[in-house]
Amino acid sequence: MLFLPMEASDAGWLSDLFKSSPKQVKSPKHANSPRRAAPAKRAPPAKRVTLAGPAASPRQRNIKLAALGPVALSPSAFKPAAPTCDPAKFRIVLDVGHTAESEGALSARNVSEFFFNHRLAQRIEQTLKADGFAETRLLLTEGKARRSLVKRVAAANDWQANLFLSIHHDSVPSKFLEEWEFDGKKSRFSDRFSGYSVFVSRSNPDFRTSLAFAELVAREMKAHGLRYAEQYSQPIMGRHRRPLLNKETGVYRYDELVVLRTTRMPAVLLEAGSIINRDEELQMDSPQRRDIISSGVAAAVKQFCDRRWAILGPV
Ligand SMILES: [Zn+2]
């Protein structure tokens, strides 16, 4: 079993991302523990996904794109005759990982992953909108972890989004955790690993396009001087080990992720960085790092939306 059942000790980290039958769901052990975001750092209220009329489905677009190539790559091939992607109409869902009720991982300084996810997703939303991607929506979901997965996928599918990007921050399996005191409180950390990682599922109906977008995101992260989290390819991760699809950029395969395999559009999950690593948590908390990641994601979306990419495919 690659992914079930999760240990209760991992409940706050990755288990929210999996499908599981209710009897296998252990109640979160930390529900009454101090594993909460500081009240002052509460994320602002949820903004709903608004549902709009139908857009061209990814499938329809792919048929169009498939009809284009392969082509001889003369300079004229780069001049779009008809844009396949109009930024003003391109529907992007930025899925804020976890919920206020089920906050995901806890940072080395006891701030919830949900808080980090929400703040970064908001910055990415602003950047994309400023770049003309008006149909960018934050997807904030309420409720318990697994029910929220169904809800967030349903919202993206109902809206007929063209692209789905789930925003998360990373932690480690509990066996790597060490203790320290922060703010007078016993806290847990691991400085052993750091970095971003990008995940795709082969079970997504449009795996190839998902992978192409994942590559664009990962390349942007790398181009901005960030390093990817290499541990997911290593035996030490045990059942958390994932196939590394590109050892240059840090794109991994993670077939079981609900938000990647049940979405009906290209879907990618970005672990933006580790918040259990004390040094990297401080960086992830900085506006500069959020700007770097946001502009990287926006650049990746622009390339994805570009017809030249459609002709060339991932290279
Ligand atoms: Zn997460």
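Values in this text are rule-based calculations from the coordinates and carry no lab data. It should be emphasised that the depicted structure is a prediction, and the values quoted were computed from it without experimental measurement. FYI the Cβ positions are ideal-geometry reconstructions off the backbone, even for glycines, and counts take in every protein chain you see.
Modelling each spin label as a point 7 Å along the Cα-to-Cβ direction, I'd like the L282/K222 distance in nm, to one decimal.
2.9 nm
What FRET efficiency comes out for M237 versus D158 if R0 is 35 angstrom and r is the Cβ-Cβ distance? Round to the nearest 0.05.
Efficiency at R0 = 35 Å is approximately 0.50.
Listed here are the pairs K144/K302; K185/K222; K89/K222; K144/K185; which of them are more than 31 Å apart at the Cα?
With Cα atoms farther than 31 Å apart: K144/K302; K185/K222.
Going by average Cβ neighbours within 10 Å, how do the peptides 94-106, 177-189, 155-167 rank, with the highest at the top?
94-106, 155-167, 177-189
What are the equivalent ellipsoid semi-axes of segment 86-312, built from the alpha-carbon gyration tensor (square roots of five times its eigenvalues), in whole angstrom, biggest first?
That gives 27, 19, 18 Å for the three semi-axes.
Could you work out how far apart the two model spin labels at E256 and K185 are, taking each label as a point 7 Å from the Cα in the direction of the beta carbon, and quote it in nm?
If labels sit at E256 and K185, their model points lie 3.1 nm apart.
Under 20 Å from a label point 7 Å along Cα→Cβ of D131: give me every residue in segment 195-218 with its amide N that close.
In segment 195-218, the label zone of D131 (backbone N under 20 Å from the point 7 Å along Cα→Cβ) covers 196-200, 209-218.
Is the shape of segment 83-160 best called rounded, prolate or oblate, per the rule: a/c under 1.5 gives rounded, else a/b larger than b/c gives prolate, else oblate, with a ≥ b ≥ c the square roots of the Cα gyration tensor eigenvalues?
It comes out oblate by the Cα gyration axes.
Can you tell me, using C-alpha contacts under 8 Å and at least 6 residues apart, the relative contact order of segment 86-312 as a whole percent?
Once divided by the residue count of segment 86-312, the mean separation gives 26 percent.
Between K89 and E230, what length in nm is gained on full extension when 0.36 nm per residue of separation is reduced by their alpha carbon distance?
Gain on stretching K89 to E230: 47.1 nm.
Please report, to two decimal places, log10 I(q)/I(0) for segment 169-288 at q = 0.09, 0.14, 0.18, 0.19 Å⁻¹ as given by the Debye formula with identical point scatterers on the Cα atoms and no solvent.
Once normalised to I(0) and log-transformed, intensities are -0.27, -0.62, -0.95, -1.02.
Pulled fully out, how much extra length does the chain show between E178 and K247, if you take 0.36 nm times their separation in residues and subtract their Cα-Cα distance?
Result for the pair: 22.0 nm of gain on full extension.
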